[in-house]
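Before any comments, here is the structure.
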Amino acid sequence: MTTAQDMPQVQQCSATSCSYNSDSSCGAGAITISGEHAHCGTFVEISFRGGSGNGLVGACHRSDCRFNEKLECTASSVNIGAGADAADCLTYEAK
């Protein structure tokens, strides 16, 4: 089981419309990567900013990613930004 200190950090997030984004830094306690475009499942656009965490990757549902091991991300860090959607994991690499 992975502990919080072993989880990769969101190094940068360029999804500026996300309510967890503060100065290109992710404030969510942990994000989930999912969907057919390695989408950040934690991305939310609401009228205020929130979060106070250091943006870790809590889970990855993309079993076809080379960094996915038992639904957990093994990359040293990840970048989130515009891909096929407004907030995708740009670190995603197909196996």
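Students often get this wrong: which residues of segment 71-93 have the backbone nitrogen under 20 Å from the point 7 angstrom along Cα-to-C-beta of S24?
Under cut-off, by backbone N: 76-92.
I need the calculated FRET efficiency for the pair K95 and Q5, taking r as the beta carbon distance and R₀ as 41 Å, to the nearest 0.05.
Given R0 = 41 Å and the Cβ-Cβ separation, E is 0.95.
Tabulate in residue order the Karplus-calculated ³J(HN,Hα) for segment 28-35, using 6.51 cos²θ - 1.76 cosθ + 1.60 with θ = phi - 60°, rounded to whole Hz; enter x for Gly and Pro.
Coupling constants for segment 28-35: 6, x, 7, 9, 10, 9, 7, x Hz.
Under a Cβ-Cβ cut-off of 15 Å, what is the net charge of the residues other than G27 that fall near it, where Lys and Arg count +1 and Asp and Glu count -1?
Every neighbour counted, the sum reads -1.
Just to confirm, what accessible area per residue do you get for the chain at 1.4 Å probe, in whole Å²?
Ligands and nucleic acids excluded, the figure is 58 Å² per residue.
If you average the C-alpha positions of segment 65-95 and of segment 11-46 separately, how far apart do those two centres end up, in angstrom?
After rounding, the separation between the Cα centres reads 12 Å.
Calculate how many DSSP beta bridges within the chain are antiparallel, expressed in % of all such bridges and rounded to the nearest 5.
Once the DSSP bridges in the chain are tallied, antiparallel ones form about 60 percent.
If amide H atoms are built 1.01 Å from N in the plane of the peptide, which residues on other chains or at least 5 residues away come under 5 Å of the amide H of I31?
Answer set, sorted by chain and number: L56, V57, G58, A59.
Given a 1.4 angstrom probe, I'd like the percentage of the accessible area of the chain that is carbon and sulfur, rounded to a whole number.
46
In the set [x] 78; [y] 131; [z] 91, which value of volume of the Cα convex hull per residue in Å³ was calculated from the structure you see?
[x]
How high is the relative contact order of the chain, in percent, with contacts defined as C-alpha pairs under 8 Å that are six or more residues apart?
About 32 percent, as a whole number.
The values are calculated or read from the model by the stated rules, or taken from the named source; none is laboratory data. For clarity, every value in this text was computed on a predicted model and none was experimentally measured. Cβ atoms come from the backbone with ideal geometry, glycine included; neighbour counts cover every protein chain shown. All accessible areas refer to the heavy atoms of the entire protein, side chains included, with ligands and DNA or RNA removed. Shrake-Rupley method; radii C 1.70, N 1.55, O 1.52, S 1.80 Å.
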